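Everything below concerns the one structure shown next.
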Amino acid sequence: MLGAPQSVTASSTPLVPIPRRPLDPAGASGQVRWWYENELGWPTVPGDPLRLPVGVRYDVLDVPAEAGHAALRRLAPGSPVALHGDRMLLLVAAGSTEELPGLLEWLEWGALALDLVAIGAGGLMEAPSPPVPHGERAVPPARVSRAAAPCEAGVPPTPRDRVGSQGAAVWLRPPEPGCEVEASLPTLSALGAGGGAPDLVRLVNTVATQVHRVRLRRACAQPPAMRAQGR
């Protein structure tokens, strides 16, 4: 059983702002890097495509998009969410993925293998292209890869490279420049708090429920012979 909820804070947030880099007019990658580092203050990892280190200011839950849509009501309005093909990337408080195995066990989801990928410290997310103001030309989007393993009960997620499926990542709910992202992210410290604080427990329970429903619905749609093979 999960013990007393532990406060999850973004203690790794740098006290000194990241130095602002000049906009590189040489290509789209320079514009994307400038937006993340200068507009958002998010660290990036050099390379092409541009990547964002996970576990510094946020962790990521990677779930089927169908299940993720049902969980959007559990997020604060400013909580960033990205789409990548048939997957949804939900940003949560840094350190949350370390609590996820015990949280799933406490919510009695630990016995099931869920299509839920936890990306924490050591993981990388290739940056979705910034939102484009109306009338401006879009910056070509970057691909997305996820560095993590499916979360099983009692087993911390193990970072590994996982190349994304078809298509490029896009922001469904983009981060807002000038806003501290940590304040909008679901966290265990919000459990039982008032004021509509985003609660990681409710988010995970909703996602797990929807992931299980999607799995059952897909299994029922298979021919009997295929269902028998999957047992």
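Since every read-out is calculated from the coordinates, none of them should be taken as a lab result. Quick caveat, the model's predicted, so the values are computed rather than measured. Cβ placement follows ideal geometry from the backbone for every residue including glycine, while neighbour counts extend to all protein chains displayed.
Extending each Cα 7 Å along its Cβ direction at Cys179 and Glu66, get the distance between those two points in nm, one decimal.
With each label placed 7 Å out from Cα toward Cβ, I get 3.0 nm.
Among Pro128, Val117, Gly102, which residue has its Cα positioned farthest towards the positive end of the charge dipole of the range 77-132, with +1 placed on the Cβ of Lys and Arg, -1 on the Cβ of Asp and Glu, and the dipole taken about the Cα centre?
Final value for the positive-end residue is Pro128.
Which ³J(HN,Hα) values in Hz, rounded to whole numbers, follow from the phi angles of the range 212-220 under the Karplus curve 6.51 cos²θ - 1.76 cosθ + 1.60, where θ = phi - 60° and Gly and Pro get x?
Each residue's phi maps through the Karplus curve to give 5, 5, 4, 5, 5, 5, 5, 5, 5 Hz.
How far, in nm, would the chain grow between Arg218 and Ser189 when pulled straight, counting 0.36 nm per residue and subtracting the alpha carbon separation?
Length gained between Arg218 and Ser189: 6.9 nm.
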